[in-house]
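The values are calculated or read from the model by the stated rules, or taken from the named source; none is laboratory data. This structure is a prediction, so every number in the text was calculated from the model and none was measured. A quick note on method: Cβ atoms are made from the backbone with ideal geometry, for glycine too, and the neighbour counts reach across all protein chains shown. Surface areas here come from the heavy atoms of the whole protein model, side chains and all, with no ligands, DNA or RNA. Shrake-Rupley method; radii C 1.70, N 1.55, O 1.52, S 1.80 Å.
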2 protein chains.
Amino acid sequence: MKIEYKPIGIVRTPFKELKGIPKQPSKSNGVNGIIEVYPQFQEGLKDLDGFSNIILLCHFHKITEFKLSIVPSEETEVRGLFATRSPRRPNPIGFSVVQLNDIQENKILVSELDILDGTPVLDIKPYFREFDSNKEIKTGWISK
Amino acid sequence: MKIEYKPIGIVRTPFKELKGIPKQPSKSNGVNGIIEVYPQFQEGLKDLDGFSNIILLCHFHKITEFKLSIVPSEETEVRGLFATRSPRRPNPIGFSVVQLNDIQENKILVSELDILDGTPVLDIKPYFREFDSNKEIKTGWISK
């Protein structure tokens, strides 16, 4: 089964090459970027400015291979790919939660965007807390 | 530009038709399902059991059209598509945070899975809190 998508827009950031991109979103605090939605999809941005944070799904277009076992950056042990956020995935979809600052026509101005300039955008969704913030969550090997 | 993906697995749930699927994840509490990862990707599941919650990206294979302006379920006003979680999107990628109960070989046993049985899986990622839980977030038209 083949699944075919087309970009709905493109990411504009100061990161012109993969080298130097923060490995974790929290480290890119303060870096601003623009999500340029193609004009034919602009109508769908209405009301999005009511959200302080949005989910950005994009296609890591520079990724050509995946590895099922990897050593994550700043780690020493080999981990299963799906227990990491490595971009080298069978379907290289990037997931980011970014802070929405403003929407100007078809441009979404955001912060905390740690993505290569020119990356195709697949989808934009409003961000809700998926969980009650009092609920305990376990975040795997990172806290071991 | 065309982007081509292949499923890494399939979702198994009690929901055999779209009718009757809870509209919001929180309403599917207690419903269990299985994410069956194809055997050739099983190696990538190592260490995932250290996480209490995982992000599931799937392809809504029954969606054939999108609408840029919609009235969300249980609402009366028209909203921009990207300010909603409607599945009728240009690229119908489903985003869910589900609770991981167990991993048995290539099968991930989860709760809170509000997805049609047989839905193709695109990706699985570990869930972290993307934000400091003390941070205020604004969730748009929903609280208006």
Subject >> Residues of segment A:62-87 satisfying the condition of being touching a strand residue (DSSP E or B) at 6+ places or on another chain (Cβ under 8 Å) and of a type in the set (S, T, N, Q) >> reply: A:Ser69, A:Thr84, A:Ser86
Original post:
Assuming A:Leu18 fulfils every condition listed in (1) modelled with pLDDT under 90; (2) open to solvent by less than 10 Å² (accessible area, probe 1.4 Å) apart from one, which condition is it?
Top reply: (2)
Subject >> Subset of segment B:58-84 that is under 19 Å from the mean Cα position of the chain (by Cα) and without any contact (Cβ under 8 Å) to a residue 12 or more places away in the chain - its residue that is nearest to A:Pro90 (Cα to Cα) >> reply: B:Thr64
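Going by what's in this entry, would B:Ser52 be described as within 16 Å of A:Leu57 (Cβ to Cβ) and among the polar types (S, T, N, Q)? Please lay out each step first, then the result.
Working: within 16 Å of A:Leu57 (Cβ to Cβ): no; among the polar types (S, T, N, Q): yes.
Spelling it out, it is not the case that B:Ser52 is within 16 Å of A:Leu57 (Cβ to Cβ) and among the polar types (S, T, N, Q).
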Subject >> Residue among A:Glu4, A:Glu43 that alone is assigned to a helix (DSSP H, G or I) and either facing another protein chain (nearest Cβ under 7 Å) or of a type in the set (A, V, I, L, M) (or both) >> reply: A:Glu43
